[in-house]
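A.B. asks: The structure is given below, and queries will be raised subsequently.
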């Protein structure tokens, strides 16, 4: 296996790990909304801590991915960065490249769904003091 292939395999491993963290963040956000709907503040506090831990892990995975991307040759770095944004490129060929692009696209979709959930929770709990509230 050549160095390029090994590097793409390592990036894919980190993207898979990041995907698991992002999906777990989404699940915990749903659970948080449910706990708050039941006025279960103890569960909500626990879920917030668990979600924060997952966010830290996701951040760590993203940093590891960026470190690996830095090791990709300059001629290919743009393509790898595009795959990590969920974009297909003409050179998105091979198992690793396709999986990186697909998982990255799924990560972006999960993040969007999580933000929608989080906005609803924040608005319901904090009203105009919500993090997402924009003054008119």
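A.B. asks: I'd like to know if segment 35-43 contains one or more residues that are without any contact (Cβ under 8 Å) to a residue 24 or more places away in the chain, touching a helix residue (DSSP H, G or I) at 6+ places or on another chain (Cβ under 9 Å), surrounded by 12 or more Cβ atoms within 10 Å (Cβ to Cβ) and in a loop (DSSP other than H, G, I, E, B).
C.D. replies: yes
A.B. asks: Could you please let me know if residue 68 is touching a helix residue (DSSP H, G or I) at 6+ places or on another chain (Cβ under 8 Å), in a helix (DSSP H, G or I) and in contact (Cβ under 8 Å) with a residue 60 or more places away in the chain?
C.D. replies: So residue 68 passes the test.
A.B. asks: I'd like the full set of residues that are surrounded by 18 or more Cβ atoms within 10 Å (Cβ to Cβ), more than 13 Å from the chain's Cα centre (by Cα) and in contact (Cβ under 8 Å) with a residue 40 or more places away in the chain, limited to segment 8-28.
C.D. replies: Within segment 8-28, 8, 11, 12 meet the criteria.
A.B. asks: Determine, yes or no, whether residue 76 is in a helix (DSSP H, G or I), within 27 Å of residue 12 (Cα to Cα), modelled with pLDDT under 90 and out of contact with any strand residue (DSSP E or B) (no Cβ under 6 Å at 6 or more places or on another chain).
C.D. replies: Values: in a helix (DSSP H, G or I): yes; within 27 Å of residue 12 (Cα to Cα): yes; modelled with pLDDT under 90: yes; out of contact with any strand residue (DSSP E or B) (no Cβ under 6 Å at 6 or more places or on another chain): yes.
Spelling it out, residue 76 is indeed in a helix (DSSP H, G or I), within 27 Å of residue 12 (Cα to Cα), modelled with pLDDT under 90 and out of contact with any strand residue (DSSP E or B) (no Cβ under 6 Å at 6 or more places or on another chain).
A.B. asks: Right, residue 51: in contact (Cβ under 8 Å) with a residue 24 or more places away in the chain, over 20 Å from residue 94 (Cα atoms) and either outside any helix (DSSP H, G or I) or in contact with a helix residue (DSSP H, G or I) (Cβ under 8 Å, 6 or more places away or on another chain) (or both) or not?
C.D. replies: Yes; evaluated as a whole, the condition is true for this residue.
A.B. asks: Same structure, new question: Examine segment 82-92 for a residue that is over 19 Å from residue 10 (Cβ atoms), at pLDDT 95 or above and in contact with a helix residue (DSSP H, G or I) (Cβ under 8 Å, 6 or more places away or on another chain), and state whether such a residue exists.
C.D. replies: Taking every residue of segment 82-92 in turn, none turns out to be over 19 Å from residue 10 (Cβ atoms), at pLDDT 95 or above and in contact with a helix residue (DSSP H, G or I) (Cβ under 8 Å, 6 or more places away or on another chain).
A.B. asks: If you don't mind, another one. Hey, any hits in segment 104-125 for a residue that's at pLDDT 95 or above, surrounded by 13 or more Cβ atoms within 10 Å (Cβ to Cβ) and under 17 Å from residue 10 (Cα atoms)?
C.D. replies: yes
A.B. asks: Turning to a different aspect of this structure: Would a scan of segment 44-64 turn up a residue that is within 23 Å of residue 6 (Cβ to Cβ), loosely packed, with under 12 Cβ neighbours inside 10 Å and under 19 Å from the mean Cα position of the chain (by Cα)?
C.D. replies: Yes, segment 44-64 has at least one match.
The values are calculated or read from the model by the stated rules, or taken from the named source; none is laboratory data. Treat the numbers as computed from the prediction; the structure is a model and nothing was measured. We place every Cβ from the backbone using ideal geometry, glycine too, and count neighbours over all the protein chains shown.
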